[in-house]
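Here is the structure we will look at, set down as structure tokens.
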Amino acid sequence: MEEVACEKTTGWQDIGEKGTVLGIRFFLVLLSVFGRSAARGFLAVVMLYYAAFHGRARRHSRVYLERVGEPTGFANVYRHFLRFGQCALDRVLLIRGSTKKFDIRSTGREHLIALQESKTGAILLGAHLGSFEAMRGHATTFDLPVHVVMQTSNARRINSVLEQINPQSKVRVIELGDGGIDFVFRIRKLIERGEYVAILGDRVGNGAAAVETDFLGSVASFPTGPYLLAAALSCPVMLTVNLYRGGNRYDVYCEPFAQRIILPRKGREAAVAAYVKQYAQSLERYCRMAPYNWFNFFDFWKEPL
């Protein structure tokens, strides 16, 4: 689930899940009244305004585009913002269950099928890259119960909106909270039922543990929580990425990340750092495949190129 973040100094969380809830409602009305084509036309104007007048977000977009090897002119920044808006718009249709309107192409679906056949739950490790809602196509096709972990105090409100849009949806939002033992037990029950827990691993919450590693040419911080949780649950971890390719097309990738996350007592920090590095390298690979799909509009890196 994507939320645009513009300023790290205030914390990307402060951009607000309230905006996520209001955005879903707004786009739902827009799509219901005018349809996808007209809504995309309106969106193009909105994102043009955003690109023109939100200088900080525009600057952070340029930093990222330079790192990924793309031109950094205004047209490219606008394209970056527009791609974010298009994914946000489509997420409403995907939440509503309108997957037949999209050409969702899958690579690695056999891994999910194998997990389902063995009734094995897993962590789906993702990123703010493209649209996680494209995974909803898999959830619908394979009847996969997917629970999305979010750093939010508004998970109940988001779930309420999801329920209104599509009561049959197999995707629900779980509030991370403080990530304490109660949270781990709750996730364990889901995994033991053969269900799937999705965690986006490219944003560090306020006060959350993190590890620095190389990413697109400089050092950046990534959260350690997903790997600590997976180690506690002793379950498979699948890397899942859902790239928007324009028009109605989404490419969904699923690949094994680790059969088990193993963190020995001796060398625990080094082991966590190795998993974070593995994730960052995979994320970099997919960012280069679809450079306008990454939606972290804040000061992500510790140092300039």
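Measure out, as a whole number of angstrom, how far apart the alpha-carbon centroids of segment 94-112 and segment 236-305 sit. The two parts, judged by their Cα centres, are 20 Å apart. Cα gyration tensor of segment 69-148, axes a ≥ b ≥ c as square roots of the eigenvalues: rounded (a/c below 1.5), prolate (a/b > b/c) or oblate? Because a/c hits 1.5 or more and a/b exceeds b/c, segment 69-148 counts as prolate.
For segment 259-273, backbone phi angles converted through the Karplus equation (6.51, -1.76, 1.60; θ = phi - 60°) give residue-by-residue couplings of 5, 8, 8, 10, 10, x, 4, 8, x, 4, 4, 5, 5, 4, 4 Hz, Gly and Pro being listed as x.
Counting other C-beta atoms within 10 Å, which of S37, S131 has the fewest, and how do the rest follow? Write down the numbers at each step before the final one.
Numbers: S37 7, S131 27.
Least to most surrounded, the residues fall as S37, S131.
Annotation for R285 and K302: the two label points, set 7 Å from Cα along the Cα-Cβ direction, are 2.5 nm apart. Phi-derived couplings, Karplus 6.51 cos²θ - 1.76 cosθ + 1.60 at θ = phi - 60°, listed residue by residue for segment 68-74: 8, x, 9, x, 10, x, 4 Hz, with x used for Gly and Pro. The modelled label-to-label distance between T120 and S218, using points 7 Å beyond Cα along the C-beta direction, is 4.0 nm.
Would you mind getting me the FRET efficiency between A210 and S32? Use the beta-carbon distance for r and R0 = 45 Å, nearest 0.05.
Values: r = 41 Å, r/R0 = 0.90.
The value I calculate is 0.65.
Coordinate-derived values only; no laboratory data. On a predicted model such as this, the values are computed, not experimentally measured, just so you know. Positions of Cβ are backbone-derived with ideal geometry, glycine not excepted, and every protein chain shown enters the neighbour counts.
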